[in-house]
Amino acid sequence: MERVIGILGGMGPLATAELFRRIVEKTPAKRDQEHPRIIIYNDPKIPDRTAFILGKGEDPRPALVEGARKLESWGADFIIMPCNTAHFFAEDIRRAIKVPLVSMVDATAERIAGMGLKKVGLLATDGTIKGLVYHRSLLRRGIGIAVPDEEDQELVMKAIYDGVKAGNLELGRRLLLGVAERLQLRVDGIIAGCTEVSVALRPGDLTVPLIDPLDVIAEKAVRLALGIEDF
């Protein structure tokens, strides 16, 4: 049985496009017709999730729920989200729909547990907030998490906003590599908690594994869509 993938995206558009690309790449298809059907709801106007969590912005939950309901009504058999921080509101979304919301965070935690890692670092914008999102899932599996110190976190923000997002990949890569090299001394692996991190860094850059949640959820989505794996 083939299932239709629904992508609740727009947070940000680069992550949504990158997730679509990786799903296509990971599908073992020789013809166009062998690829799974994918429905994308790309809404970059969804209010900032981190700002709301910090009490400084509009509630994103109504927009997230609206997007999930639209995907469900359009025929999606399950939904995935490329935005890490949106998973903070996963239970609110699940209560509003009948189809499964497959968590990228939980899938990544499962992958890390399967690798036998005991403590991982997180490289991302707003690392403390995203750390909270991952902490709950990792803790259930007995895995610890670390984020860069305050000075290094500022470098991560600069690398992503002044580097990768601004088109200066060389600057972004250089800054992120420096932070990652220091962070890897405290952990067994590092999570690329933003699309920009996975674009700038490569698995062979570090002495510890670099875990990319977009890769993990893309692989899982393909397996679910093709009926290789069940919920």
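So here's what we get for this one:
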{"item": "Members of the stretch 96-114 found to be open to solvent by 30 Å² or more (accessible area, probe 1.4 Å) and under 15 Å from Ile143 (Cβ atoms), listed by number", "result": "Asp106, Glu110, Arg111, Ala113, Gly114"}
{"item": "Positions within the stretch 54-78 being free of Cβ contacts under 8 Å to residues at least 24 places away in the same chain and under 16 Å from Asp43 (Cα atoms), in sequence order", "result": "Glu58, Asp59, Pro62, Ala63, Glu66"}
{"item": "Which numbered condition Leu117 misses (of (1) of a type outside the set (Phe, Trp, Tyr); (2) closer than 27 Å to Pro60 by Cα; (3) surrounded by 15 or more Cβ atoms within 10 Å (Cβ to Cβ); (4) in contact (Cβ under 8 Å) with a residue 12 or more places away in the chain)", "result": "(2)"}
{"item": "Qualifying residue in the stretch 71-86 (condition: on the phi < 0 side of the Ramachandran plot, open to solvent by 70 Å² or more (accessible area, probe 1.4 Å) and in contact with a helix residue (DSSP H, G or I) (Cβ under 9 Å, 6 or more places away or on another chain))", "result": "no"}
{"item": "Number of the exception - Thr207 against (1) among the hydroxyl-bearing types (Ser, Thr, Tyr); (2) surrounded by fewer than 22 Cβ atoms within 10 Å (Cβ to Cβ); (3) under 20 Å from the mean Cα position of the chain (by Cα)", "result": "(3)"}
{"item": "Members of the stretch 120-132 found to be open to solvent by less than 40 Å² (accessible area, probe 1.4 Å) and under 14 Å from the mean Cα position of the chain (by Cα), listed by number", "result": "Leu122, Leu123, Ala124, Thr125, Gly127, Ile129, Lys130, Gly131"}
{"item": "Complete set of residues in the stretch 156-194 that are under 20 Å from Thr85 (Cβ atoms) and either part of a strand (DSSP E or B) or open to solvent by 10 Å² or more (accessible area, probe 1.4 Å) (or both)", "result": "Met157, Lys158, Tyr161, Val164, Lys165, Ile190, Ile191, Ala192, Cys194"}
{"item": "Residues located in the stretch 133-154, provided they are assigned to a helix (DSSP H, G or I), buried (at least 16 other Cβ atoms within 10 Å of the Cβ) and touching a helix residue (DSSP H, G or I) at 6+ places or on another chain (Cβ under 9 Å)", "result": "Val133, Tyr134, Ser137, Leu138, Asp152, Gln153"}
{"item": "Residues of the stretch 11-27 satisfying the condition of being open to solvent by 30 Å² or more (accessible area, probe 1.4 Å) and modelled with pLDDT of 95 or more", "result": "Phe20, Arg21, Val24, Glu25, Lys26"}
{"item": "Hits in the stretch 106-132 - residues which are part of a helix (DSSP H, G or I), farther than 23 Å from Lys165 by Cα and not small (Gly, Ala, Ser)", "result": "Asp106, Thr108, Glu110, Arg111, Ile112, Leu132"}
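The values are calculated or read from the model by the stated rules, or taken from the named source; none is laboratory data. Note that the coordinates shown come from a computational prediction; the quantities given were computed from them, not determined experimentally. Here the Cβ is made from the backbone with ideal geometry for all residues, glycine too, and neighbour counts use every protein chain on show. Keep in mind that these areas ignore ligands, DNA and RNA; they rest on the heavy atoms of the full protein, side chains included. Shrake-Rupley method; radii C 1.70, N 1.55, O 1.52, S 1.80 Å.
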